[in-house]
Structure formats: C-alpha cells, structure tokens
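Trainee: Attaching a single structure in structure tokens format; questions to follow.
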Amino acid sequence: MASIPTIDSGVGLEQQPHMPSEVVSPTRVDEAPQQASTTPGDGRVVHDNHNPPADSDMTDENKVPFKEKMIGYAQKTRGTILRKPSLKEHGEKILQGETTHADDRQK
C-alpha cells in the first residue's frame with residue numbers, strides 16, 4: 001500500500017503551486033482603465049445623458065407640492081366617506097392649487 005505524500009516528506013515540492021508574485025514581477029499601469037460599452041463605439045466617450053429628464057420632471061412654480069397633494073387627497077377621501085361635501089370641495093381646491101392646508105390652518 002502506497003503512502004500519501006506530505007509536505008514534510010519532501011516528495012512533490014516541485015509540483016506545489018506558487019504565488020503569482022513569485023513567478024512574475026508586478027506591473028504598474030499608468031493609463032486610465034478602458035470604459036465598458038454596450039453601445040457601438042470604442043468606449044472613449046462617456047455617455048452620461050442616456051436618460052434625459054422628462055418634461056414632467058421639470059420644476060413648475062404652479063405645481064402643487066407633494067405634501068399638499070397628499071393632504072388634498074386625504075381631505076377629498078374623508079369628505080366622501082363621511083358625506084361632507086364641504087370637506088370634499090376643500091380637498092379638490094387643495095389639489096387644484098387654489099388654497100393650501102397651511103393657509104387654512106392660520107384662519
């Protein structure tokens with residue numbers, strides 16, 4: 001029966017794997033890395049405007065803020081559920097930008 005070779009037995013030391021830094025000296029690259037590209041071209045040009053903002057994403061001074069929209073929808077829903085038309089109309093005015101919740105709280 002053959003014995004299993006071990007490191008201590010001295011058999012097979014030449015066949016042991018070596019670290020890459022022992023085989024080849026490290027290199028240094030002074031160039032910028034190549035840019036990956038999924039579009040035609042050589043990858044030298046950076047295409048950072050592949051998703052331009054839509055017209056709806058632009059800021060609008062007459063646009064109702066998100067918080068006011070949520071309050072308007074809540075007022076409208078609450079007015080519908082509780083059968084209070086004045087509350088529902090108030091929510092619709094907030095959604096249209098005619099009034100704000102903050103203005104009504106000061107009254």
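Trainee: For the range 61-98, what are the residues that are polar (S, T, N, Q) and modelled with pLDDT of 90 or more? Let's see the steps before the verdict.
Mentor: Kept after step one, since they are polar (S, T, N, Q), are these residues of the range 61-98: 62, 75, 77, 80, 86, 96.
Those that are polar (S, T, N, Q) and modelled with pLDDT of 90 or more: GLN75, THR77, THR80, SER86, GLN96.
Trainee: Same structure, new question: Find the residue count for the range 69-86, including only residues that are surrounded by fewer than 17 Cβ atoms within 10 Å (Cβ to Cβ) and either part of a helix (DSSP H, G or I) or touching a Lys or Arg at 6+ places or on another chain (Cβ under 6 Å) (or both).
Mentor: Of the residues in the range 69-86, the ones surrounded by fewer than 17 Cβ atoms within 10 Å (Cβ to Cβ) are 69-70, 73-74, 77-78, 80-86.
Keeping just the survivors that are either part of a helix (DSSP H, G or I) or touching a Lys or Arg at 6+ places or on another chain (Cβ under 6 Å) (or both) gives 69-70, 73-74, 77-78, 80-81, 85-86.
Here the count works out to 10.
Trainee: Now a separate question. Looking at (1) assigned to a helix (DSSP H, G or I); (2) at pLDDT 85 or above; (3) surrounded by 10 or more Cβ atoms within 10 Å (Cβ to Cβ), which one does ALA102 not meet, given that it meets all the others?
Mentor: Here ALA102 clears every test but (2).
The values are calculated or read from the model by the stated rules, or taken from the named source; none is laboratory data. Model, not experiment: these values are computed from the prediction. Ideal geometry is used to build each Cβ from the backbone, glycine not excepted, and the neighbour counts take in all protein chains shown.
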